[in-house]
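**Student:** Before we start, here is the structure in question, set down as structure tokens.
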Amino acid sequence: MATNLILAAILLLCLVAVAWPFLFYPLILRALSSKAERPVAGPTPSASLLFCAYNEAEAMPEKLANLAMLKRRYPTLEFLAFDDGSSDGTGDLIAGQGDLVTLIRGPGRSGKAHGMKQLAARARGEVLIFTDANVLLDEEAVERLLARYADPDVGGVLGSLHYIGAEGSATASVGSLYWRLEERLKDEESRTGNVLGADGSIFSIRRSLYPDFPDSVLDDLTVSMAVVFAGKRLIKAKDVIARERLVTARKDEYRRKVRIAARAWHTDSHLRPQLRRMAAVDRFKYMSRKIVRWFGGVFILTGAIAAGALAMRISPMLYMAGAIGVALVIWIGVRAKSGPFAALVDILIAYAATLQGVAKAMRGRTVTIWNPAKSR
């Protein structure tokens with residue numbers, strides 16, 4: 001009886017841990033008080049928009065047209081791009097735009113973090129806006145983003161990423177759902193003080209806060225967290241809209257998540273001394289949205305083992321029925337291209353990829369270069 005209770009308790013704890021970032025943590029955030037912004041009248045800061053590219057020739061015409069539109073609306077906005085040794089003519093497409101974009105060509109594959117540091121060193125704007133080569137900004141995005149810097153306590157501003165192509169596959173559908181949840185979490189974190197880390201699609205910081213860091217870390221997390229470490233606010237603007245196409249193939253998404261997780265854990269190790277000095281509420285946010293999620297695969301695996309052991313102790317027939325049911329659901333989900341079973345398999349694959357990436361980083365291995373997904 002005691003063993004059954006222990007197994008049930010382990011199963012319950014694992015279920016709570018898996019649900020924590022998406023259910024319990026948001027509920028706690030909603031209970032926290034809001035922290036208002038305090039804008040002060042003054043001139044709009046100047047800005048530079050930076051992005052790195054590797055073999056993005058297919059996405060580049062649309063990207064460059066988007067930049068040209070933004071330039072017409074904001075004539076003083078500076079654009080800088082780093083070509084990380086592309087072999088498909090990406091750099092030539094950018095250079096062909098004349099003086100629209102200042103292009104820096106890398107000597108070969110050196111990675112995004114290295115490229116962004118080169119761009120930040122050349123940029124002249126008071127605010128640095130970071131984005132990706134395949135991300136498009138809405139026409140009003142820059143104006144709305146810069147307006148948030150009227151509050152002198154604001155050191156960084158994130159935008160809102162809207163994904164395109166959620167109907168393309170179960171992988172894309174799950175990715176879209178996950179990202180909508182992620183965006184809502186960031187909204188609540190922003191309302192209550194600081195967002196704990198940005199992704200590279202659309203975020204910005206005051207140039208004076210740009211940190212120094214090794215090429216091996218995740219630059220968007222490192223750069224955005226520098227705002228919090230400096231005692232400034234890192235907030236999110238819902239009305240600053242960026243758009244990106246979803247990855248639709250499981251193998252592309254798996255590789256992407258392994259790479260991101262490996263670099264995220266490596267970055268966490270690099271930032272750990274500063275993370276420990278953060279305010280208690282920010283440490284709680286960071287643990288809830290990042291650390292707990294990175295180990296979701298461990299909680300799922302442990303919970304599955306506890307559930308199987310408990311079922312076996314109650315009835316071998318119950319264990320067999322459960323095992324056959326789980327195997328059948330996974331088999332259907334792997335073969336299906338859409339539907340709830342396919343979505344469930346994609347969720348499990350995402351957790352497995354994240355856990356593999358973290359384990360890889362724990363063994364001292366990380367990834368500094370990237371390849372664009374072919375299934376966007």
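**Student:** Could you run through the range 125-155 and say how many residues are outside any helix (DSSP H, G or I), out of contact with any Ser or Thr (no Cβ under 6 Å at 6 or more places or on another chain) and under 21 Å from ALA53 (Cβ atoms)?
**Tutor:** Total satisfying the criteria: 7.
**Student:** Would the range 82-94 turn up any residue that is under 25 Å from VAL154 (Cα atoms) and without any contact (Cβ under 8 Å) to a residue 24 or more places away in the chain?
**Tutor:** Taking the range 82-94 as the starting set, the residues that turn out to be under 25 Å from VAL154 (Cα atoms) are none.
Scanning the range 82-94, I find no residue that is under 25 Å from VAL154 (Cα atoms) and without any contact (Cβ under 8 Å) to a residue 24 or more places away in the chain, so the answer is no.
**Student:** If you take the residues in the range 108-142 that are in contact with a Lys or Arg (Cβ under 7 Å, 6 or more places away or on another chain) and over 22 Å from ARG263 (Cα atoms), which one is most open to solvent (accessible area, probe 1.4 Å)?
**Tutor:** So, considering only residues that are in contact with a Lys or Arg (Cβ under 7 Å, 6 or more places away or on another chain) and over 22 Å from ARG263 (Cα atoms), the one most open to solvent (accessible area, probe 1.4 Å) is GLU126.
**Student:** I would also like to ask the following. If you take the residues in the range 10-52 that are of a type in the set (S, T, N, Q) and touching a Gly at 6+ places or on another chain (Cβ under 6 Å), which one is surrounded by the most Cβ atoms within 10 Å (Cβ to Cβ)?
**Tutor:** To start, the set of residues in the range 10-52 that are of a type in the set (S, T, N, Q) comprises 33-34, 44, 46, 48.
Filter again for touching a Gly at 6+ places or on another chain (Cβ under 6 Å), leaving 46, 48.
Details: SER46: 16, SER48: 23.
This residue is SER48.
**Student:** Where residues in the range 222-264 are basic (Lys, Arg) and closer than 22 Å to SER110 by Cβ, which of them is least open to solvent (accessible area, probe 1.4 Å)? First the steps, then the outcome.
**Tutor:** So the first thing to find is which residues in the range 222-264 are basic (Lys, Arg), and the list is 232-233, 236, 238, 243, 245, 250-251, 255-257, 259, 263.
Keeping just the survivors that are closer than 22 Å to SER110 by Cβ gives 255-256, 259, 263.
Values: ARG255: 138, ARG256: 71, ARG259: 56, ARG263: 11 Å².
That would be ARG263.
**Student:** Okay, moving on. Could you list, in sequence order, the residues of the range 191-221 that are of a type in the set (Ser, Thr, Tyr) and either open to solvent by 10 Å² or more (accessible area, probe 1.4 Å) or within 27 Å of LEU27 (Cα to Cα) (or both)?
**Tutor:** First, the residues of the range 191-221 that are of a type in the set (Ser, Thr, Tyr): 192, 201, 204, 208, 210, 216.
Of everything in the range 191-221, those that are of a type in the set (Ser, Thr, Tyr) and either open to solvent by 10 Å² or more (accessible area, probe 1.4 Å) or within 27 Å of LEU27 (Cα to Cα) (or both) turn out to be THR192, SER201, SER208, TYR210, SER216.
**Student:** Can you tell me which of GLY357, GLY322 is more than 30 Å from ASP83 (Cα to Cα) and either in a helix (DSSP H, G or I) or under 26 Å from the mean Cα position of the chain (by Cα) (or both)? Full working, then the answer.
**Tutor:** On the way: GLY357 fails: more than 30 Å from ASP83 (Cα to Cα).
Result of the check over GLY357, GLY322: GLY322.
**Student:** Between residues in the range 214-229 that are under 14 Å from ALA264 (Cβ atoms) and residues that are in a helix (DSSP H, G or I) and charged (D, E, K, R), which pairs lie under 7 Å by C-beta distance while being six or more apart or on different chains?
**Tutor:** Between residues of the range 214-229 that are under 14 Å from ALA264 (Cβ atoms) and residues that are in a helix (DSSP H, G or I) and charged (D, E, K, R), the close pairs are VAL217/ARG263; LEU218/ARG263; ASP219/LYS112.
**Student:** So which residues in the range 93-103 are part of a loop (DSSP other than H, G, I, E, B) and under 16 Å from ARG122 (Cβ atoms), if there are any at all?
**Tutor:** ASP99, LEU100, VAL101, listed by residue number.
**Student:** Identify, from the list PRO372, PRO316, the residue that is surrounded by 14 or more Cβ atoms within 10 Å (Cβ to Cβ), farther than 26 Å from ALA19 by Cβ and at pLDDT below 95.
**Tutor:** Values: PRO316 fails: surrounded by 14 or more Cβ atoms within 10 Å (Cβ to Cβ).
PRO372 is the lone residue from the list that is surrounded by 14 or more Cβ atoms within 10 Å (Cβ to Cβ), farther than 26 Å from ALA19 by Cβ and at pLDDT below 95.
**Student:** Which condition number in (1) open to solvent by less than 50 Å² (accessible area, probe 1.4 Å); (2) part of a loop (DSSP other than H, G, I, E, B) is the one that LYS337 fails?
**Tutor:** With (1) open to solvent by less than 50 Å² (accessible area, probe 1.4 Å); (2) part of a loop (DSSP other than H, G, I, E, B) applied to LYS337, the lone miss is (1).
**Student:** For the range 132-142, indicate whether the set of residues that are under 24 Å from the mean Cα position of the chain (by Cα) and over 19 Å from ILE202 (Cβ atoms) is non-empty.
**Tutor:** First, the residues of the range 132-142 that are under 24 Å from the mean Cα position of the chain (by Cα): 132-142.
In the following step, the residues that additionally are over 19 Å from ILE202 (Cβ atoms) were identified as none.
No, there is no match, as no residue in the range 132-142 is under 24 Å from the mean Cα position of the chain (by Cα) and over 19 Å from ILE202 (Cβ atoms).
Let's see how each residue does on (1) in contact with a Phe, Trp or Tyr (Cβ under 9 Å, 6 or more places away or on another chain); (2) modelled with pLDDT under 95; (3) assigned to a helix (DSSP H, G or I); (4) of a type in the set (Lys, Arg):
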{"residue": "VAL40", "(1), (2), (3), (4)": "no, yes, no, no"}
{"residue": "LEU49", "(1), (2), (3), (4)": "yes, no, no, no"}
{"residue": "ASN55", "(1), (2), (3), (4)": "no, yes, no, no"}
{"residue": "GLU58", "(1), (2), (3), (4)": "no, yes, no, no"}
{"residue": "ASN66", "(1), (2), (3), (4)": "no, no, yes, no"}
{"residue": "LEU70", "(1), (2), (3), (4)": "yes, no, yes, no"}
{"residue": "ALA81", "(1), (2), (3), (4)": "yes, no, no, no"}
{"residue": "SER86", "(1), (2), (3), (4)": "yes, yes, no, no"}
{"residue": "GLY91", "(1), (2), (3), (4)": "no, yes, yes, no"}
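**Student:** Then there's this: Just checking, how many residues over the range 344-366 are over 18 Å from ARG293 (Cβ atoms) and open to solvent by less than 30 Å² (accessible area, probe 1.4 Å)? Before you say what the answer is, go through the steps one by one.
**Tutor:** Within the range 344-366, the subset over 18 Å from ARG293 (Cβ atoms) is 345, 363-366.
Remaining after also requiring open to solvent by less than 30 Å² (accessible area, probe 1.4 Å): 345.
Number satisfying all stated conditions: 1.
**Student:** Of everything in the range 280-305 that's free of Cβ contacts under 8 Å to residues at least 40 places away in the same chain and of a type in the set (A, V, I, L, M, F, W, C), which residue is surrounded by the fewest Cβ atoms within 10 Å (Cβ to Cβ)? Even if it seems obvious, please write down each step before you answer.
**Tutor:** We begin by selecting, within the range 280-305, every residue free of Cβ contacts under 8 Å to residues at least 40 places away in the same chain; these are 280, 283-284, 287, 291, 301, 304-305.
Still in the running and of a type in the set (A, V, I, L, M, F, W, C): 280, 284, 287, 291, 301, 304-305.
Values: ALA280: 7, PHE284: 16, MET287: 16, ILE291: 15, LEU301: 14, ALA304: 14, ILE305: 14.
Filtering the range 280-305 for residues that are free of Cβ contacts under 8 Å to residues at least 40 places away in the same chain and of a type in the set (A, V, I, L, M, F, W, C), the one surrounded by the fewest Cβ atoms within 10 Å (Cβ to Cβ) comes out as ALA280.
**Student:** Here are ARG293, ARG289, ARG259: which of them is within 13 Å of the chain's Cα centre (by Cα) and over 13 Å from GLY197 (Cβ atoms)? Can you show your working first?
**Tutor:** On the way: ARG293 fails: over 13 Å from GLY197 (Cβ atoms); ARG289 fails: over 13 Å from GLY197 (Cβ atoms).
One residue alone meets the criteria, ARG259.
**Student:** While we're on this one: Any residue in the range 108-122 that's within 20 Å of SER46 (Cβ to Cβ): show its pairings with residues that are among the aliphatic types (A, V, I, L, M) and surrounded by fewer than 21 Cβ atoms within 10 Å (Cβ to Cβ) at Cβ separation under 9 Å, as long as the two are six or more apart or on different chains.
**Tutor:** Short answer, once both residue conditions are applied: GLN118/ILE104; LEU119/ILE104; ARG122/ILE104.
**Student:** What is the one condition in (1) touching a strand residue (DSSP E or B) at 6+ places or on another chain (Cβ under 7 Å); (2) at pLDDT below 90 that GLU182 does not satisfy?
**Tutor:** Status for GLU182: all satisfied but (1).
The values are calculated or read from the model by the stated rules, or taken from the named source; none is laboratory data. Because the structure is predicted, anything quoted here is derived from the model rather than measured. Counting neighbours? That spans all protein chains shown, and the Cβs are built from the backbone with ideal geometry, glycine included. Note: areas computed on protein heavy atoms with side chains; ligands, DNA, RNA excluded. Shrake-Rupley method; radii C 1.70, N 1.55, O 1.52, S 1.80 Å.
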